[in-house]
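To start, the structure itself, in structure tokens.
FYI, it's all coordinate maths here, none of it is from the lab. Because the structure is predicted, anything quoted here is derived from the model rather than measured. Heads up, the Cβs are rebuilt from the backbone with ideal geometry, glycines too, and the neighbour counts pull from every protein chain shown.
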Amino acid sequence: MGARLGGILVLGALLAMALQAPAARADDEIVIGAALPITGPFAGSGLQTYQGLQLAEHDINAAGGINGKKIRFQVEDTQASNSVAINAFLKLERQNAPFIFLSSFTVQNLATEPEVRKAKVPVMYAGGGVAIAERKNPYMFRIRANDRLRAAAAAESVISVLKKKKVAIINVQDQYGTAAAEQLKKDLAAAGIAVVAVETHGIRDTDFAPQLLNIKNSGAEAIVAFAYIRDAGLMIKQRRSLGLTNIAFVSVSSVNEDSMLELVTLPDLENIIGVADAVLGQANPNGPRSVQFVKDFIERFKVPPDGFGSVYYDGAMIVAEALKKVGPDREKIREYLAGLKDYQGVTGSFSTAANGDMLHRLSIVEYIPGTKDVRVIKDVFDNK
């Protein structure tokens, strides 16, 4: 736990210092912006997204770049602040970046959306909140499954996999957690499953014992948690310390992220399944490319990739293809992305729906006994 978490903090601090002075733009390069959380409580996924972009930058340039020009990803730190996220986007947009990556956090994506619309610059983001797509901003493209599908996969986990009848929900108290929990309640009610407790927590909370004990007293047979990476890890540890491993636990989104798994021990993972954005390696539908991606990622960063790293890698490779075909013109890039069909990435297959969603699959997974590795129980798809 300490080594990995300490590594995240040190790497984030060093990167933040390096970003204080932006590199000069060379004539023989194309600079793509990335507004990501490199420091603060969101850094666990932010660093993976940055590493995914770094690996993509290496692979694109090693293959000849963009029509003879190198690509470079310039990162601005969004921290855990909406106002900082907006300023990071504006800084990159004012440098005439033809494309910008946004973070994987819905609250930051929603705050930045009006500026994206005003600037008319295409962006990719990984925040799952359906409220983003409902704004119908033609410049915003989501490279991760949306939270409506995430809630559907959580419901499927309870109904078909665990076959439980009494469910408790615990969610982070923000747009992501609240909306996903509300959708899950509707999905479970439609299946005749009782929600016997709903608990919430703040993004900076570290003690989840009150919520877990309330859930215990509710008679719940299963817990579904909509939590960020650090919170999910602490919740799973405290669940075991309170003797609640007899209550099945569905971890949504954070089940196979390395920075979460570093927080827990093997005994903590008893009676836990999850909803994964991506299962990488040979089990992935695009096995050989996914295997190579995992190998290259580990060699470069000394940690395995997760779904955040892989979708930003895929997003970068898609943007590189757009740049090769239509050049660094914002409107032409937007049109290219809007028409994308069946791009086979290391994460999965990307096709752009009318609402800008590009990835349409999640996996319900379980831990392989004696390991922190996961295997797929079943896949869940949306209707595009």
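When 328, 369 are checked against the criterion of being touching a strand residue (DSSP E or B) at 6+ places or on another chain (Cβ under 6 Å) and either surrounded by fewer than 17 Cβ atoms within 10 Å (Cβ to Cβ) or part of a loop (DSSP other than H, G, I, E, B) (or both), a single residue qualifies: 328.
Only a single criterion out of (1) part of a loop (DSSP other than H, G, I, E, B); (2) more than 17 Å from the chain's Cα centre (by Cα); (3) within 20 Å of residue 354 (Cα to Cα); (4) not hydrophobic (A, V, I, L, M, F, W, C) is not satisfied by residue 114, namely (1).
Take the residues of the stretch 92-107 that are touching a residue at least 40 places away in the same chain (Cβ under 8 Å) and more than 18 Å from residue 311 (Cα to Cα): which is surrounded by the most Cβ atoms within 10 Å (Cβ to Cβ)?
The residue in question is 92.
The single residue among 83, 157 that is in a helix (DSSP H, G or I) and surrounded by fewer than 19 Cβ atoms within 10 Å (Cβ to Cβ) turns out to be 83. Got at least one residue in the stretch 115-123 being surrounded by fewer than 20 Cβ atoms within 10 Å (Cβ to Cβ) and within 25 Å of residue 383 (Cα to Cα)? No, the stretch 115-123 contains no residue that is surrounded by fewer than 20 Cβ atoms within 10 Å (Cβ to Cβ) and within 25 Å of residue 383 (Cα to Cα). Total residues in the stretch 89-107 satisfying the condition of being under 10 Å from residue 35 (Cα atoms), touching a helix residue (DSSP H, G or I) at 6+ places or on another chain (Cβ under 9 Å) and not small (Gly, Ala, Ser): the figure is 5.
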